[in-house]
1. For segment A:124-146: of the residues being of a type in the set (K, R) and open to solvent by 80 Å² or more (accessible area, probe 1.4 Å), which is farthest from the other protein chains (Cβ to nearest Cβ)?
2. Being more than 25 Å from B:L198 (Cβ to Cβ) and either touching a Pro at 6+ places or on another chain (Cβ under 6 Å) or open to solvent by less than 70 Å² (accessible area, probe 1.4 Å) (or both) is the filter here; which residues of segment B:235-249 pass it?
3. When both residues are 6+ apart or on different chains and their Cβ atoms are under 7 Å apart, which pairs have a first residue that lies in segment B:250-262 and is in contact (Cβ under 8 Å) with a residue 24 or more places away in the chain and surrounded by 11 or more Cβ atoms within 10 Å (Cβ to Cβ), and a second that is in a strand (DSSP E or B) and hydroxyl-bearing (S, T, Y)?
4. Which condition from (1) in contact with a Ser or Thr (Cβ under 9 Å, 6 or more places away or on another chain); (2) under 18 Å from B:D224 (Cα atoms); (3) outside any strand (DSSP E or B) is the one that B:G305 breaks?
5. Would you confirm whether any residue within segment A:159-167 is open to solvent by 30 Å² or more (accessible area, probe 1.4 Å) and either outside any loop (DSSP other than H, G, I, E, B) or more than 8 Å from chain B (Cβ to nearest Cβ) (or both)?
6. Please report, ordered by residue number, the strands (runs of 3 or more DSSP E) entirely within segment B:132-229 with at least 2 residues that are open to solvent by 60 Å² or more (accessible area, probe 1.4 Å).
7. If you take the residues of segment B:482-499 that are away from every other protein chain (no Cβ under 12 Å) and open to solvent by 10 Å² or more (accessible area, probe 1.4 Å), which of them is farthest from B:V465 (Cα to Cα)?
8. Could you grab the pairs with beta carbons closer than 9 Å, sequence gap of 6+ or different chains, first residue in segment A:137-154 and closer than 18 Å to B:A480 by Cβ, second one open to solvent by 60 Å² or more (accessible area, probe 1.4 Å) and not hydroxyl-bearing (S, T, Y)?
Amino acid sequence: MQIFSKSKVYDFMRIRYASLTLSAVLFVGSLFLIATKGLNYGIDFAGGTLIQVKYNTPAPLEKIRQALAKDDVFKGALVTEFGSNEEVVIRFSGSSSNLSQDVGEAVASLLKETGEPEIRRVDIVGPKVGNELREKGAMALIISFIAVLFYIAWRFEWRFALATIAAEIHDIVITIGAISLFDIDVNLDTLAAVLTVLGYSLNDTIIIFDRIRSGIKDSKSTDITTIINESVSATLSRTLLTSGTTMMTVLVLFFFGGDMIHGFSFVLMVGILAGTISSIYIASPFLIWFKFNVDKFRASEAAKIKAKKERERERAMYEKGVV
Amino acid sequence: MQKLNLKLVIFLAALILGVGFSMPSFLQTKAGAKISLGLDLQGGLHMLLGVQTDEALRSKIKSIASSINYYSKKEDILIDKLRSSDESVSFELLDGDDEPKIESMLKEIKGLAIHKDGLKYTINLTDEEKVATVEYAISQAVETIRNRLDQFGLAEPTVAKQGGGNILVELPGIKSQADEQRARELIAKAAHLQLMALDEKRQDRVYELSEAEASSYGDIIYPDVKNPNRKYLLQAIPVLDGAMLTDARVAFSQQNNQPVINFTLNSEGARIFGDFTGSNVGKHLAIVLDGKVYSAPVINERIGGGSGQISGGFSVDEAHDVAIALRSGALLAPVKMLERRSIGPSLGAESIQKSLIALCGAMFLVMVFMVLYYGVSGIFANIALIANIFIIISVMAFFGATLTLPGMAGVVLTIGMAVDANVIINERIRELLREGASIKQAIARGYEHAMTAIIDANFTTFITVAVLYAYGTGPIKGFAVTMSIGILASMLTAILGTRGIFDYFLPRIEKSANTSFWFGYKRSK
């Protein structure tokens with residue numbers, strides 16, 4: 001079985017302005033959403049308390065709210081269904097730092113009259129921890145950008161590195177935009193998902209760049225646009241197959257993985273889509289824009305090979321004791 | 001004679017080891033290294049505690065004041081207005097002749113910054129001493145909490161220092177809320193034992209005095225443990241501090257069979273205790289635990305031997321926990337809760353079940369697809385995939401890594417991505433076949449061409465995952481661990497494993513020349 005005719009070269013770059021415009025709209029739209037609507041920080045980052053309660057009958061939301069309103073601590077608590085109508089999540093911004101006080105027990109006693117609640121999870125995060133986590137998350141992102149930038153600049157060339165980072169920023173902004181649009185809780189799992197998207201999209205971009213790099217060496221053409229088209233066409237079935245298999249697993253996670261990883265798998269879905277598109281339509285055009293010069297690259301590669309040979313020759317001479 | 005297929009041998013060895021070492025985790029046998037399940041999968045209590053280091057500094061100042069008090073009395077140095085505030089101790093020397101004596105004594109205490117104004121002394125801690133005190137308070141808190149939890153009798157509690165003066169406590173397998181409550185109270189208990197002298201002159205006025213007035217006399221007001229309305233006026237600088245305690249045991253009082261706690265002091269404590277009781281017969285000595293007076297008996301005679309008793313209406317469990325807390329030492333600084341997550345066992349079980357379903361479903365879909373698309377090569381890739389899963393599990397078990405819910409998601413995701421290397425290789429092989437290369441050449445050069453792409457791509461992903469590990473906490477770290485093991489395993493299985501299998505079948509592939517069967521690609525002749 002095969003999907004794409006192998007010998008055909010698709011002219012991907014012909015529609016690069018149209019696709020770039022689409023990406024730009026999504027990108028700016030995402031930035032706008034993030035700036036105006038903002039992100040829905042879960043208690044991991046914002047601090048607060050979350051209590052998950054399960055009933056063996058459908059949860060009486062109204063009764064729960066009334067019961068909770070009796071205690072000042074839980075006033076303004078958010079009560080929502082979680083996954084099924086038997087399970088609810090109670091959320092409020094307060095967090096007690098007193099070790100011997102038990103919020104779970106307090107809630108359990110308040111809810112006694114509403115049925116048979118089982119307290120399944122109590123998460124309390126103080127405000128200081130939330131800040132620390134947020135800072136660490138941002139730090140992780142920046143450092144991995146820099147590390148990747150250096151690695152690609154060393155293995156490829158600096159323009160490849162910049163183009164990769166441009167594609168990364170595109171993917172991450174759009175993924176975060178989707179998180180904002182769909183009101184997904186930003187918690188540690190979501191952060192892990194965003195960073196996975198980063199890894200996945202990097203992977204995708206590098207595979208295409210690797211092909212462009214070898215295309216530059218082997219292609220008859222010296223036009224970067226032609227080389228990009230040839231390389232993207234050659235890797236097209238791989239790109240789609242891998243996106244496909246990964247997407248399949250993420251869909252399984254989304255539908256069967258349970259509520260705890262719902263947000264996680266949704267973020268991955270958006271990210272895989274963005275990542276696949278960006279490796280073709282963001283990373284590659286950026287190479288053209290950065291005025292990548294095929295002849296110069298060939299010359300510098302040739303110089304590298306020459307230098308290597310020279311070193312080998314010198315070593316050989318040294319080992320033979322001629323020098 | 002065929003050359004030894006080293007790649008296949010290595011791959012098979014990895015597969016066998018992988019299967020072997022992951023069995024304990026699958027079958028939950030008693031022996032052998034197993035993956036430990038994160039709290040989100042097995043239920044339990046996770047807490048991040050912050051050490052209130054200010055308190056450690058405050059109590060350090062207090063203990064310096066106690067020392068000065070004890071020494072000056074012992075050496076008959078007359079001092080007045082001995083006061084301790086949050087940051088400093090001050091006193092006035094009455095007789096200038098005693099200057100060298102008191103100064104040589106102060107010199108023996110490390111880390112003091114002494115300011116002198118005539119005969120008025122003000123003593124602060126030096127900055128280095130403050131840092132050292134804070135550090136010590138944190139590591140002491142870790143040690144103390146660990147000791148307490150060990151004696152509490154829970155399975156495998158984790159107590160570890162985390163950056164910024166925090167302590168991570170994980171208690172897997174806590175089943176009931178009552179157990180959880182008890183564990184938290186045991187951790188929270190400061191267990192700060194003090195023996196304090198009653199201010200006999202002013203005790204009668206205790207109910208009229210405000211806290212501020214009391215402190216102007218160098219006194220402090222503490223309530224009675226059983227009756228909070230009953231108050232004692234005590235000299236703020238304690239006679240003895242719990243730091244000098246060596247042992248504490250539960251016993252039963254002979255008069256009413258109530259549980260009491262017997263404690264023993266170290267030699268220095270015993271000496272101070274003996275000296276104090278000897279010279280204060282007829283006065284009261286209050287036994288204060290965590291700011292509450294348990295009893296204030298009259299001293300009848302000098303008490304040598306350095307042992308005492310705390311009585312005060314404990315329940316048996318309570319007495320037991322207090323004794324554990326006293327034995328494992330006072331918390332120099334109290335801890336407060338920064339983060340707490342508790343997951344009920346039923347939720348954990350449900351999470352495991354759901355992620356296992358996801359794992360099997362994802363594997364099944366991907367494997368079917370690979371066979372449909374790549375024919376026999378797809379089967380080879382699937383063998384590599386299965387080996388991959390076993391290797392991930394066995395490596396995680398070997399390093400005692402913890403499998404968390406996001407970690408499970410990481411494994412599932414690895415399945416999707418693990419076939420990537422084989423997809424790249426197979427696509428390259430097809431391409432070479434199309435260009436007219438022989439099957440042997442196509443396989444050899446296909447692998448060669450795919451190699452740089454696979455290495456560069458996996459290495460960059462590895463970089464981001466490593467950064468995740470370095471900066472992440474809890475579940476993110478778990479995710480990073482599984483992902484990185486998955487990346488390494490997939491490189492091993494894809495590059496070595498499938499290549500070895502291809503080499504093994506090469507004669508047959510060449511003979512049959514049915515590329516559609518072997519590679520899912522029909523070669524046009």
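1. Going residue by residue through segment A:124-146, those that are of a type in the set (K, R) are A:128, A:134, A:136.
Cutting the leftovers down to open to solvent by 80 Å² or more (accessible area, probe 1.4 Å) gives us A:128, A:134.
Numbers: A:K128: 6, A:R134: 12 Å.
Applying the filter and picking the extreme gives A:R134.
2. If we filter segment B:235-249 for residues that are more than 25 Å from B:L198 (Cβ to Cβ), which is where we start, we get B:246-247, B:249.
Of everything in segment B:235-249, just one residue is more than 25 Å from B:L198 (Cβ to Cβ) and either touching a Pro at 6+ places or on another chain (Cβ under 6 Å) or open to solvent by less than 70 Å² (accessible area, probe 1.4 Å) (or both), namely B:D247.
3. B:N262/B:S307
4. (2)
5. Pass one, segment A:159-167, residues open to solvent by 30 Å² or more (accessible area, probe 1.4 Å): A:159, A:162.
Subsequent filtering for residues that are either outside any loop (DSSP other than H, G, I, E, B) or more than 8 Å from chain B (Cβ to nearest Cβ) (or both) retains A:159, A:162.
Checked against the condition, which is being open to solvent by 30 Å² or more (accessible area, probe 1.4 Å) and either outside any loop (DSSP other than H, G, I, E, B) or more than 8 Å from chain B (Cβ to nearest Cβ) (or both), segment A:159-167 yields at least one hit.
6. Values: elements: B:158-162, B:166-172, B:193-197, B:219-223.
Ranges flagged: B:158-162.
7. Residues of segment B:482-499 away from every other protein chain (no Cβ under 12 Å): B:485, B:488-489, B:491-499.
Filter once more, keeping what is open to solvent by 10 Å² or more (accessible area, probe 1.4 Å): B:485, B:488, B:491-492, B:495-496, B:499.
On the way: B:I485: 10, B:L488: 12, B:M491: 15, B:L492: 18, B:I495: 21, B:L496: 23, B:R499: 27 Å.
Here the residue is B:R499.
8. Matching pairs, first to second residue: A:A140/B:A470; A:I143/B:A470; A:F145/A:I169; A:Y151/B:F459.
The values are calculated or read from the model by the stated rules, or taken from the named source; none is laboratory data. Bear in mind the structure is a predicted one, so any value in this text is a computation, not a measurement. Every residue, glycine among them, receives a Cβ derived from its backbone with ideal geometry; neighbour counts consider all protein chains shown. These area figures cover heavy atoms from the full protein model, side chains too; ligands, DNA and RNA do not enter into them. Shrake-Rupley method; radii C 1.70, N 1.55, O 1.52, S 1.80 Å.
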